[in-house]
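First the structure, in the form of structure tokens, and then the observations on it.
The values are calculated or read from the model by the stated rules, or taken from the named source; none is laboratory data. Bear in mind that the values here come from a model prediction, so they are computed numbers and not experimental data. Reconstructed Cβ throughout: ideal geometry from the backbone, glycine too, with neighbour counts over all protein chains shown.
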Amino acid sequence: MKIYFKSPLALFFILMGLLPGCGSDPDGEDESMQDLPNIVVIYMDDLGYGDMGAYGATGIPTPNMDRLANEGVRFTEGYSASATCSPSRYAILTGLYPWRNKNAKILPGTAPLLIDTATMTLPRMLQRAGYYTGVVGKWHLGLGDGKVNWNEHIAPGPNEVGFDHSFIMAATQDRVPTVYIENGEVVGLDPNDPIQISYQENFEGEPTGLNNPEMLKMNYSHGHNNSIVNGIPRIGFMKGGEKAKWKDEAMADTFLEEAQKFVRTHKNQPFFLYYGFQQPHVPRTPHPRFVGATDMGPRGDVIVEADAMIGAFIKTLEEEGLAENTLIIFSSDNGPVVDDGYEDQAVERLGDHTPSGPLRGGKYSLFEAGTRVPFVTYWPGRIAPATSDALISQIDLMASLADLVDSDVEVENDSKALLDVLMGQSTDGRDQLILEARGRTAFRKGSWAMIPPYPGVALNKWTNIELGNHPEFQLYNLDEDLGQQNNLAEEKPDKLKEMVQGFEEIRGH
Ligand code: NG6
Ligand code: CA
């Protein structure tokens, strides 16, 4: 591991922290130590703007997420960079708009690493400031060169783009390989039962969801009819690796234990942890102790499960005496979807719960619910409780956190330095933002949203989500029309022109 110290003083204090009995600071007066707080990003998968109590949900108890929101800054205009996962994750870790990279789209489990290993990333910037950096949970940014042998060391991956430690699932819970990978090695792999993966064709004699419905404990509704793992049909084909396969119902506990272990092991040094949850992405597989936690079936229950994991994680920070020196950033990679390909009662039992809150659209959509997500910063003693309507994107974490740690790295990308906004000391956020959804882009500026014309269906019938496609320009004033019902493009030609110009200046059309 390489550590770069920004000053001899920082090195001195870090070494003090490593010595028994030294470095403890009961009075909290030691400004130099406080210069380098721990940083944790809790990143949900498909959690919608309306899916947690602090953002208006009443049917899903989320006391721990709500505590972060209510005791920290709760952003009402916080955005992911994309309405799908891999592009958002690419953006949060690189500070780059995902549409700048043509490969930044939903990746199969065999995709090569999406981030160029020469790129200055958020974790690498923090490494250089003296942080020990780790990722636990969902990765979905590709691994290796596209021709990975899963039975050998898998690289490049997180450890080559700035993470000192990694314990990940390669892609998504519904995609093979369904194994954990720790620092480039499949966990629990039996060399006599090697793993083979294909996204093209099945391995001879292996059951699939399509051919062997009798083996399924959860049916697919669309897609998801390839290899069966733990009675759940997945995307992609996998053979071998029996002992290494994860238990879906234990995944939340496994990631929590790894996150806790990371904190306990590295508590004497400033650490950065990117904790990628798998909930409430499909397949939704709550541990039995959370089954029935809501009236909504697995989709509600896994949100409660995730909430409990967040509570346990915060408790660990508190028990280790780290809470007051740890900045937590909580958000989601994209908006919500109810039926994303499995028959899991999510539609039937939704009741009056609205995963997207007051917003239109959802995951995959250029409407607001695709990318406007829960976004919270929490730092006891340093961040005062507030609600902020500043426009802010996850892309901005890189430049903002560079300021927080006084990095000497020049952040030259799409990231805006908005540390005061993250800290709740200013609401002077971004001026504008490009939104992305499945290769299409739209524009947010001031209180306005502009969606250029796109071909394609307006409503995806499988997910029942309005995608934002329309043959004409769309223009909405979100101050008056948060639900995007009233297209003002014809009524306000000057505003439309201004928005299109602003969009093209950045997007380069
Ligand atoms: C889609 C999958 C969906 C989900 C998504 C990625 C089908 C029919 N749908 O292709 O279930 O896996 O990809 O989600 O296969 S994301 O949050 O990781 O972007
Ligand atoms: Ca996602």
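Take the residues in the range 132-152 that are in contact with a helix residue (DSSP H, G or I) (Cβ under 7 Å, 6 or more places away or on another chain) and more than 13 Å from ligand 1 (Cβ to nearest atom), then tell me which one is farthest from A250 (Cα to Cα). Write out each step before concluding.
Our first condition is that a residue be in contact with a helix residue (DSSP H, G or I) (Cβ under 7 Å, 6 or more places away or on another chain); within the range 132-152, this holds for 133-137, 139-141.
Remaining after also requiring more than 13 Å from ligand 1 (Cβ to nearest atom): 133-136.
Working: T133: 25, G134: 21, V135: 18, V136: 15 Å.
Going through the qualifying residues, I end up with T133.
Suppose we keep only residues that are in contact with a Ser or Thr (Cβ under 7 Å, 6 or more places away or on another chain), more than 19 Å from I168 (Cα to Cα) and part of a loop (DSSP other than H, G, I, E, B) within the range 106-131. Which one would you say is farthest from ligand 1 (Cβ to nearest atom)?
The qualifying residue farthest from ligand 1 (Cβ to nearest atom) is A129.
Yes or no, residue by residue, for (1) more than 30 Å from R264 (Cα to Cα); (2) at pLDDT below 95; (3) basic (K, R):
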| site | (1), (2), (3) |
| --- | --- |
| R124 | no, no, yes |
| A171 | no, no, no |
| S198 | yes, no, no |
| N212 | yes, no, no |
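Specify the residue that is farthest from ligand 2 (Cβ to nearest atom); the eligible residues are those in the range 454-468 that are crowded, with 19+ Cβ neighbours inside 10 Å and closer than 19 Å to F443 by Cβ.
Among them, the one singled out is Y454.
Residues G341, G362: which one is touching a His at 6+ places or on another chain (Cβ under 6 Å), within 16 Å of ligand 2 (Cβ to nearest atom) and more than 27 Å from Q260 (Cβ to Cβ)?
Values: G362 fails: touching a His at 6+ places or on another chain (Cβ under 6 Å).
None of the others qualify; the one that does is G341.
Keeping to the range 221-279, report how many residues are over 15 Å from F167 (Cα atoms), within 16 Å of ligand 1 (Cβ to nearest atom) and either modelled with pLDDT under 95 or part of a strand (DSSP E or B) (or both).
Counting residues in the range 221-279 that are over 15 Å from F167 (Cα atoms), within 16 Å of ligand 1 (Cβ to nearest atom) and either modelled with pLDDT under 95 or part of a strand (DSSP E or B) (or both) gives 8.
Here is a yes/no grid of residues against (1) of a type in the set (V, I, T); (2) more than 14 Å from ligand 1 (Cβ to nearest atom):
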| residue | (1), (2) |
| --- | --- |
| T326 | yes, yes |
| P336 | no, no |
| G341 | no, no |
| R349 | no, yes |
| D352 | no, yes |
| S356 | no, yes |
| G362 | no, no |
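Kindly indicate whether L93 is in contact (Cβ under 8 Å) with a residue 60 or more places away in the chain, more than 12 Å from ligand 1 (Cβ to nearest atom) and crowded, with 24+ Cβ neighbours inside 10 Å. Full working, then the answer.
Details: in contact (Cβ under 8 Å) with a residue 60 or more places away in the chain: yes; more than 12 Å from ligand 1 (Cβ to nearest atom): yes; crowded, with 24+ Cβ neighbours inside 10 Å: yes.
It is true that L93 is in contact (Cβ under 8 Å) with a residue 60 or more places away in the chain, more than 12 Å from ligand 1 (Cβ to nearest atom) and crowded, with 24+ Cβ neighbours inside 10 Å.
Being farther than 30 Å from S415 by Cβ, within 16 Å of ligand 1 (Cβ to nearest atom) and either β-branched (V, I, T) or part of a loop (DSSP other than H, G, I, E, B) (or both) is the requirement here; does L189 meet it? Reasoning before the result, please.
Values: farther than 30 Å from S415 by Cβ: yes; within 16 Å of ligand 1 (Cβ to nearest atom): no; either β-branched (V, I, T) or part of a loop (DSSP other than H, G, I, E, B) (or both): yes.
It is false that L189 is farther than 30 Å from S415 by Cβ, within 16 Å of ligand 1 (Cβ to nearest atom) and either β-branched (V, I, T) or part of a loop (DSSP other than H, G, I, E, B) (or both).
Need the failing condition index for Q200 against (1) free of Cβ contacts under 8 Å to residues at least 60 places away in the same chain; (2) more than 16 Å from ligand 1 (Cβ to nearest atom), just the number.
Looking at each condition in turn, Q200 falls short on (2).
Residue-wise test of (1) surrounded by fewer than 24 Cβ atoms within 10 Å (Cβ to Cβ); (2) over 18 Å from the mean Cα position of the chain (by Cα); (3) part of a strand (DSSP E or B); (4) not aliphatic (A, V, I, L, M).
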| position | (1), (2), (3), (4) |
| --- | --- |
| K363 | no, no, no, yes |
| G370 | no, no, no, yes |
| T377 | no, no, yes, yes |
| I383 | yes, yes, no, no |
| T387 | yes, yes, yes, yes |
| A390 | yes, yes, no, no |
| I395 | no, no, no, no |
| D403 | yes, yes, no, yes |
| D406 | yes, yes, no, yes |
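Being in contact with a helix residue (DSSP H, G or I) (Cβ under 9 Å, 6 or more places away or on another chain) and closer than 24 Å to F272 by Cβ is true for just one of A155, A104. Which residue is that? Break it down into steps so the answer makes sense when it comes.
On the way: A155 fails: in contact with a helix residue (DSSP H, G or I) (Cβ under 9 Å, 6 or more places away or on another chain).
Exactly one of A155, A104 is in contact with a helix residue (DSSP H, G or I) (Cβ under 9 Å, 6 or more places away or on another chain) and closer than 24 Å to F272 by Cβ, namely A104.
Can you confirm whether the range 387-403 contains a residue that is within 16 Å of ligand 2 (Cβ to nearest atom) and on the phi > 0 side of the Ramachandran plot?
no
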